[in-house]
1. Which of 122/208; 53/92; 9/208; 53/234; 26/224; 113/170 have a Cα-Cα distance over 32 Å?
2. Decide, for segment 212-257, between rounded, prolate and oblate: order the square roots of the alpha carbon gyration tensor eigenvalues as a ≥ b ≥ c, take rounded if a/c falls under 1.5, and otherwise choose prolate if a/b is larger than b/c, else oblate.
3. What net charge is computed for the residues neighbouring residue 74, neighbours being all others with C-beta under 9 Å from the C-beta of residue 74, Lys and Arg scored +1, Asp and Glu -1?
4. Only Lys, Arg, Asp and Glu count, each charged at its Cβ (+1, +1, -1, -1), so figure out the dipole size of segment 1-102 about its Cα centre, rounded to 20 debye.
5. Among 152, 242, 212, whose mean-square fluctuation peaks in a Gaussian network model of the chain (Cα, cutoff 10 Å)?
6. To the nearest whole percent, what portion of all C-alpha pairs in segment 107-209 is separated by more than 16 angstrom?
7. Among 258, 67, 42, whose Cα projects farthest towards the positive end of the dipole of the chain, with charges put on the beta-carbon of Lys, Arg (+1) and Asp, Glu (-1)?
8. Measure nothing fancy, just the Cα-based angle from helix 164-183's long axis to the longest principal axis of the chain, in degrees from 0 to 90, nearest 10.
Amino acid sequence: MDERLNAFKRLLDIMDDLRSQCPWDKKQTFESLRHLTIEETYELSDAILEGDKEEIRKEVGDLMLHLVFYAKIGSETNDFDITEVLNGICEKLINRHPHIYSDVKVADEEEVKANWERIKLKEKGGKNEVRSVLEGVPASLPSLVKASRIQDKARGVGFDWERKEQVWEKVEEEIKEFKHEVDTGSSKIEAEFGDVLFSLVNYARFLKINPDDALEKTNKKFIKRFQYLESESKKAGKDLADMTLDEMDVYWNKAKEL
């Protein structure tokens, strides 16, 4: 028997045991697991950004457990089971990859993405029902990620800039408008700042940069440098609250060299 199938069956059997015998596992519901699944997803994201392959392996396992858990709960209410879940995703993948499983020809990955969005719309709404391509963007996504997904979806149906230079011109335009609102003390400052961020996300997309990854890497870099500043100043017997910015900069610049 395929070792992959053996390993998956082992997990399913353990899930059956936990659900029937463990007091904690027996109490869990879709709702109670939701926040834990989100936490596990972010832990996987952290491991990926750190490039820690061993942690990635572990976190993928944790997420797999959650998915099996949801399927188990679904089977208990006769709504769905793991077989339906797996067959469902298999059928979706086959249907949305006609260039693999049918005779459709594609030139590149952009055509693959465009086909995906068209097929997805057809699956959800049918030919005679008007649906929005943006309905597939989860409302609860973090705003930066949501902006990227919105722009990807719009691009999938051809609504996009042609060249990155046009996008940068839009960024400069939005920055100028934002600065004007700041200078005049306008009530539109927040809205214009949002426009600046949205346009920067758009430009990042043209540069093949994931803005959420880029910002998180900067967050991690700042944390590392600030913690160096804290530890080194403490070693020198100094309190950050009593130091001048110039004194802090000495340690900050050393942290940048590490």
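Computed from the coordinates by the stated procedures, all read-outs in this text should not be read as laboratory data. Only a predicted model underlies this, so the values are computations on that prediction, with no experimental measurement involved. Neighbour counts run over all protein chains shown; Cβ positions are idealised from the backbone, glycine included.
1. Details: 122/208 28 Å; 53/92 29 Å; 9/208 39 Å; 53/234 34 Å; 26/224 41 Å; 113/170 25 Å.
Result: 9/208; 53/234; 26/224 exceed 32 Å.
2. Values: a/c = 2.46, a/b = 2.38, b/c = 1.03.
Prolate, because a/c is 1.5 or more and a/b exceeds b/c.
3. After counting each charged neighbour, the total is -3.
4. With only Lys, Arg, Asp and Glu charged at Cβ, the dipole is about 320 debye.
5. Between 152, 242, 212, it is 242 that shows the largest mean-square fluctuation.
6. When every Cα pair of segment 107-209 is considered, 65 percent fall beyond 16 Å.
7. The residue sitting most towards the positive pole is 67.
8. 50
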